[in-house]
């Protein structure tokens, strides 16, 4: 969402359908909780790590059947890089939204080494804020 203006919503889970064919689809979501630790030593040179929290990091893999539909992924990545936009992601059916930042931009892997056949794009995003505790997966919110 921009600082001043209308919200823009990207729903990649359902794909982009045109003429009965799906052209852009989110095929894989890899969720990892990176541990943020500050290593310290006491005056006696004993290790005393300080756990700062966990940062949810999400790898997203998209499949695009024609390169003309890549613009949707490019717009999403551009919003992540624009300081005037706030981008939030939900992985639990809109129960929890986290503000995210781009870690690694979309990189194409052409199908059969030919982009005319489509491509797979991988990108990585991370939550802006740390979380203090890992969520229990059984609660329905693993995010």
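The values are calculated or read from the model by the stated rules, or taken from the named source; none is laboratory data. These numbers come from a predicted model, not from an experiment. Glycine gets a Cβ as well: all are built from the backbone with ideal geometry, and neighbour counts include every protein chain shown.
Across region 69-116, what is the total count of residues that are touching a helix residue (DSSP H, G or I) at 6+ places or on another chain (Cβ under 8 Å) and more than 19 Å from residue 30 (Cβ to Cβ)? Walk me through it before giving the result.
Residues of region 69-116 touching a helix residue (DSSP H, G or I) at 6+ places or on another chain (Cβ under 8 Å): 85, 87, 100-102, 105-106, 108, 110-111, 115-116.
Those left that are additionally more than 19 Å from residue 30 (Cβ to Cβ): 85, 110-111, 115-116.
Residues flagged as touching a helix residue (DSSP H, G or I) at 6+ places or on another chain (Cβ under 8 Å) and more than 19 Å from residue 30 (Cβ to Cβ) within region 69-116 amount to 5.
When you check residue 13 against the structure, is it in contact with a strand residue (DSSP E or B) (Cβ under 9 Å, 6 or more places away or on another chain), surrounded by 10 or more Cβ atoms within 10 Å (Cβ to Cβ), at pLDDT below 65 and assigned to a loop (DSSP other than H, G, I, E, B), yes or no? Talk me through it step by step, then tell me what you get.
Working: in contact with a strand residue (DSSP E or B) (Cβ under 9 Å, 6 or more places away or on another chain): yes; surrounded by 10 or more Cβ atoms within 10 Å (Cβ to Cβ): yes; at pLDDT below 65: yes; assigned to a loop (DSSP other than H, G, I, E, B): yes.
It is true that residue 13 is in contact with a strand residue (DSSP E or B) (Cβ under 9 Å, 6 or more places away or on another chain), surrounded by 10 or more Cβ atoms within 10 Å (Cβ to Cβ), at pLDDT below 65 and assigned to a loop (DSSP other than H, G, I, E, B).
Table: residues versus (1) under 15 Å from residue 26 (Cα atoms); (2) in contact with a strand residue (DSSP E or B) (Cβ under 6 Å, 6 or more places away or on another chain); (3) loosely packed, with under 12 Cβ neighbours inside 10 Å.
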residue: 46; (1), (2), (3): no, no, yes
residue: 52; (1), (2), (3): no, yes, no
residue: 65; (1), (2), (3): yes, yes, no
residue: 118; (1), (2), (3): yes, yes, no
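Going by the conditions given, is residue 70 surrounded by 11 or more Cβ atoms within 10 Å (Cβ to Cβ), in a helix (DSSP H, G or I) and either touching a strand residue (DSSP E or B) at 6+ places or on another chain (Cβ under 9 Å) or at pLDDT below 90 (or both)? Let's see the steps before the verdict.
Numbers: surrounded by 11 or more Cβ atoms within 10 Å (Cβ to Cβ): yes; in a helix (DSSP H, G or I): yes; either touching a strand residue (DSSP E or B) at 6+ places or on another chain (Cβ under 9 Å) or at pLDDT below 90 (or both): yes.
Taking the combined requirement at face value, the residue satisfies it.
Restricting to region 132-143, give me the number of residues that are surrounded by 15 or more Cβ atoms within 10 Å (Cβ to Cβ) and modelled with pLDDT of 75 or more.
Number satisfying all stated conditions: 1.
Based on this model, can you work out whether residue 79 counts as modelled with pLDDT of 85 or more, over 18 Å from residue 61 (Cα atoms) and under 13 Å from the mean Cα position of the chain (by Cα)?
No, not satisfied.
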For region 82-117 the number of residues that are more than 14 Å from the chain's Cα centre (by Cα) and at pLDDT 85 or above is 4
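Please verify whether residue 99 is free of Cβ contacts under 8 Å to residues at least 40 places away in the same chain and under 20 Å from residue 135 (Cα atoms), treating the condition exactly as stated. Quick ask: steps written out before the conclusion?
Values: free of Cβ contacts under 8 Å to residues at least 40 places away in the same chain: yes; under 20 Å from residue 135 (Cα atoms): yes.
Spelling it out, residue 99 is indeed free of Cβ contacts under 8 Å to residues at least 40 places away in the same chain and under 20 Å from residue 135 (Cα atoms).
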